[in-house]
Amino acid sequence: MINVKDNLFMLETDHTSYWFHITDTGLPEHLYYGPSVYYGSSARAGTADCEAEELIQALGDRRSFPGGNMISLDQEHPAVNPEDLCLELSGYGKGDIREPFVELVFADGSRTADFRFVRAKFGKMPDESGKKRMAGTEVQQTGAAGTEVQQSEPAGAAETGTLLLPHAYDETGKAERLIVTLCEQAEKLRLDLVYDVFPECDIICRFARLYNESGKTVQIERLMSTQLDFSRDDLNMRSFHGTWVREMNPVDVPVRAGKYVVSSVCGASSSRANPFVMLYPDDTGEAYGLCYGFNLIYSGNHYEAAEVNAFGKTRFVSGINPAGFCWQLKHGSYFDTPQAVMTVSARGFNGMSTAMHAFVREHIVRGAWKHKVRPIVLNSWEAAYRKFNEKKLLYLARKAKEAGIELFVMDDGWFGERNDDTSSLGDWTANLKKLPGGLEGIAGKVKALGLDFGIWVEPEMINVDSNLYRTHPEWVMEIPGREHAEGRNQRILDLANPAVVTYLIQQMTNVFNAAQVSYVKWDMNRIFSDVFSKAFPPEQQGEIAHRYICGLYRMMKTLTERFPEILFEGCAAGGNRSDLGILSYFPQIWASDNTDPLARAKIQEGYSYGYPPSVISNHFSDSPNHQTLRETPMQTRFDVAAFGILGYECNLLDPSVRRFEKIRQHIVLYKKWREIFQFGTFYRVSGNRMQATQAHSAHRSWIVVSPDRSKAIGMLQQDLVTPSAQYAVFQAAGLDPEKQYHFYNIPRNMNLMRFGSLINTQTAFHIKKNSLLHRTIASYKRMPGEQEEHTVSGAVLMQAGIQLLPAFCGTGFDETVRYFQDYASRMYFMEAADVPNIPT
């Protein structure tokens, strides 16, 4: 809900409040963003229990005299010192020396930008197409700004010619939009600050649109998407960093003075620094305390910064990275920033994550797959890499069908002369030596088995050794006269060039039609170098990285609308482009090329702070793992991959009969609980306790709960065993405290080989470890696993937890002992006593 009274703007969601007002000088001063300060429907229907002026006096700046060694805004307001004000936007030149929201260079070379309030308009958010315009109330303030510029209203997605930026959308009819218009004091420029309020998700989105009616070209060197100022200096910033196969590692930095920056200049949102970040004070944990979450609906170079000034105020900004960016804003045109996403929770990290997850599911993911359960896939990559033919693929597909898998994916190596990574990217025609019947032939045979068919593509890339490069070298992003800095033996096609985008759309259309595909894995395997477009003049080369992303969005939008039933999965060397921009078109992402469950659990947990399980694709793979060579239990590989969208990436022809049957059982189990795994409410449970001596051995615990809180699945997973540490408690979250729940696990028989020479403690004669006799006995005799079964209230599960049976510690083993060794995991199920059991 948006309420306005006497230049006080109050943006209210179900549990948060965002307030700012317009000062006498026309500056938008930020007052408050945090847990709701309105209580009760009567307060929400009006404005507040006190008058707007009283609130402004209580929360705003009340300086009577100028600060020492500070700049005054103007002679009429000497006590207005922008350096120490909390503002909705700011720039250099008028005394604010903190991180700027906007940096412009005017035709005369000057850089001071002075925007003041003119008017505001608020009402229901327009629909995504922009055809249904926003109708609402307008608020004006006279005498506070320069000459007005003709107004045009931002639509649901920003589009100018071939430039496209995705925005959040609304299908509930409850979201509202506020447009605050400011004009530059000396130049005919207008800046719209656009706020979209999604009340049920506790989300506020912001973006900016800058119009130029000055008659001259203006250079934009920086235009952020959001700016948020805090009257405090005790916040920590959590950001998520890494590289290939090591994505989303949380890093916490206290921001007490100076500046901390998270950014990407990779040409993509990148695995080096995800655009999702958090701010929180020291006393915040998973289930308690204040937490702010921020993200950006953008897939390119991004920038997030938190800065504390000399007066104890913290400023946060987020948007396009200014490094390497310079936009020539011509007369009569406008520029839109990507949309920033903000939330705040008083219920700790989990509360913030719950809001972000709901927002992504309901207002970012689009199309036929928005609420549809995702199929279980077998991807051919780790089973065959590029060394395959049709016969080998069909063997894999038949085994996949036998296991219960629903979709078979043919990965890299099917086109051109693609036997390694040095050739054929760009030549999207089937290799008839590998696939004699072409795409149509292999797809038809896979479908005849009762499986859907999927395919891998990397349309943005090109090899020098390709027919496309030989025909169109001018379509490649490279600098004439300079040796190109190669990445993965491939180069990047210039998606800033509309002709290239049009060509690629047609090429992908041909591929998808030929194979009648049900799934597309869209890859992008390198970061940018030598950024340059031969289609643009020198003065516009600072626009190319952004224009590339807009060209990518045009291609994705066109293809997803042309093929609405295809399930697209975004991949970029794993998680090099895992962001809300990609998710606006592709409903899921391949979060990492790392399928080692120990590493993957950390990666998935990192993603879970800002992204729901319904958009994260995870694969069960072979052991030893192909990325780490670590050997891990089958159960752990399944348990970790099941929390989200389960798939398989291994050669199903290799496992023994027993192991293959276990895979089949895993798939049956996942299908029974799939909707909860994918679309349930996810919690990281910090309260789960293992014996204190295990503190140095990392462990993690997750739980995902059905929307009606009648069912839940939990997981406990550890890295390494600590000797003589038996104690563990499983504690739940998100349940109904008043319901009775049946808590249980599915006992698994243990392989006798795992106990090594301890077998001799139970035999009358010596058995050599790993001998034929040892293996023979183990094939017939299995050790029973522990059984947990309790019926208790949700309150007991969440507050006290279940004391699990003790772990093995070297003194004996039977069905009352938990075999919980290195890299082990357990899955626990909770079902309300008044709902039917899900068969297991």
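For the range 229-262, which positions are crowded, with 17+ Cβ neighbours inside 10 Å and in contact with a His (Cβ under 7 Å, 6 or more places away or on another chain)? Within the range 229-262, just Asp229 meets the criteria. Does Gly441 fit the bill of being more than 28 Å from the chain's Cα centre (by Cα), open to solvent by less than 50 Å² (accessible area, probe 1.4 Å) and more than 23 Å from Arg577 (Cβ to Cβ)? Yes, satisfied. Within the range 769-806, if we keep just the residues that are touching a residue at least 24 places away in the same chain (Cβ under 8 Å) and hydroxyl-bearing (Ser, Thr, Tyr), the residue that is most open to solvent (accessible area, probe 1.4 Å) turns out to be Thr791. Just one of the listed residues (Val520, Val531) is crowded, with 20+ Cβ neighbours inside 10 Å, outside any loop (DSSP other than H, G, I, E, B) and in contact (Cβ under 8 Å) with a residue 24 or more places away in the chain, namely Val520.
Pairs linking a residue in the range 807-836 that is open to solvent by less than 30 Å² (accessible area, probe 1.4 Å) to a residue that is among the aromatic types (Phe, Trp, Tyr) and assigned to a loop (DSSP other than H, G, I, E, B), with Cβ atoms under 6 Å and 6 or more positions apart or on different chains, are Ala807/Phe820; Val817/Phe808. The requirement of being crowded, with 22+ Cβ neighbours inside 10 Å, touching a helix residue (DSSP H, G or I) at 6+ places or on another chain (Cβ under 8 Å) and closer than 27 Å to Val245 by Cβ is fulfilled somewhere in the range 476-489, by at least one residue. Taken as a whole, the range 509-517 holds no residue that is touching a Lys or Arg at 6+ places or on another chain (Cβ under 9 Å), modelled with pLDDT of 95 or more, open to solvent by 10 Å² or more (accessible area, probe 1.4 Å) and not in a helix (DSSP H, G or I).
Residue by residue, here is whether (1) more than 30 Å from Asp127 (Cα to Cα); (2) in contact (Cβ under 8 Å) with a residue 60 or more places away in the chain holds:
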{"site": "Val373", "(1), (2)": "no, yes"}
{"site": "Lys401", "(1), (2)": "yes, no"}
{"site": "Trp428", "(1), (2)": "yes, yes"}
{"site": "Lys433", "(1), (2)": "yes, no"}
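Might you check whether a residue that is surrounded by 19 or more Cβ atoms within 10 Å (Cβ to Cβ) and basic (Lys, Arg) occurs anywhere in the range 634-656? There is at least one residue in the range 634-656 that is surrounded by 19 or more Cβ atoms within 10 Å (Cβ to Cβ) and basic (Lys, Arg).
Within the range 68-90, how many residues are part of a strand (DSSP E or B) and either surrounded by 21 or more Cβ atoms within 10 Å (Cβ to Cβ) or among the aliphatic types (A, V, I, L, M) (or both)?
Counting residues in the range 68-90 that are part of a strand (DSSP E or B) and either surrounded by 21 or more Cβ atoms within 10 Å (Cβ to Cβ) or among the aliphatic types (A, V, I, L, M) (or both) gives 1.
Check whether at least one residue in the range 439-460 is modelled with pLDDT of 95 or more and over 26 Å from Glu390 (Cβ atoms), and report yes or no. Yes, the range 439-460 has at least one match.
Filtering the range 251-280 to residues that are of a type in the set (D, E, K, R), over 17 Å from the mean Cα position of the chain (by Cα) and farther than 25 Å from Gly351 by Cα leaves only Lys259. Report yes if some residue within the range 105-115 is surrounded by 18 or more Cβ atoms within 10 Å (Cβ to Cβ) and among the aromatic types (Phe, Trp, Tyr); otherwise report no. Yes.
If I ask for residues that are in contact (Cβ under 8 Å) with a residue 40 or more places away in the chain and open to solvent by 40 Å² or more (accessible area, probe 1.4 Å), which ones from the range 490-506 would you list?
Scanning the range 490-506 gives a single hit, Pro498.
Is it the case, given these coordinates, that Leu652 is in contact with a helix residue (DSSP H, G or I) (Cβ under 9 Å, 6 or more places away or on another chain), in a strand (DSSP E or B) and within 30 Å of Arg754 (Cα to Cα)? Here the answer is no, as Leu652 does not meet what is asked. If the condition is being over 32 Å from the mean Cα position of the chain (by Cα) and within 17 Å of Lys521 (Cβ to Cβ), then the range 419-434 contributes only Ala430.
Determine which member of the set Ile549, Ile462, Ile492, Ile505 is of a type outside the set (Gly, Ala, Ser) and more than 26 Å from the chain's Cα centre (by Cα). Checking each option against the conditions leaves just Ile462. For beta carbons closer than 8 Å, sequence separation of 6+ or different chains, a first residue in the range 283-310 that is basic (Lys, Arg) and open to solvent by 10 Å² or more (accessible area, probe 1.4 Å) and a second that is at pLDDT below 95 and not in a strand (DSSP E or B), there are no qualifying pairs.
The values are calculated or read from the model by the stated rules, or taken from the named source; none is laboratory data. Here the structure is a predicted model, which means the values were calculated and not measured. Note: ideal-geometry Cβ built from the backbone for every residue, glycine included; neighbour counts use all protein chains shown. Quick note on the areas: whole protein, heavy atoms, side chains included, nothing else; ligands and nucleic acids left out. Shrake-Rupley method; radii C 1.70, N 1.55, O 1.52, S 1.80 Å.
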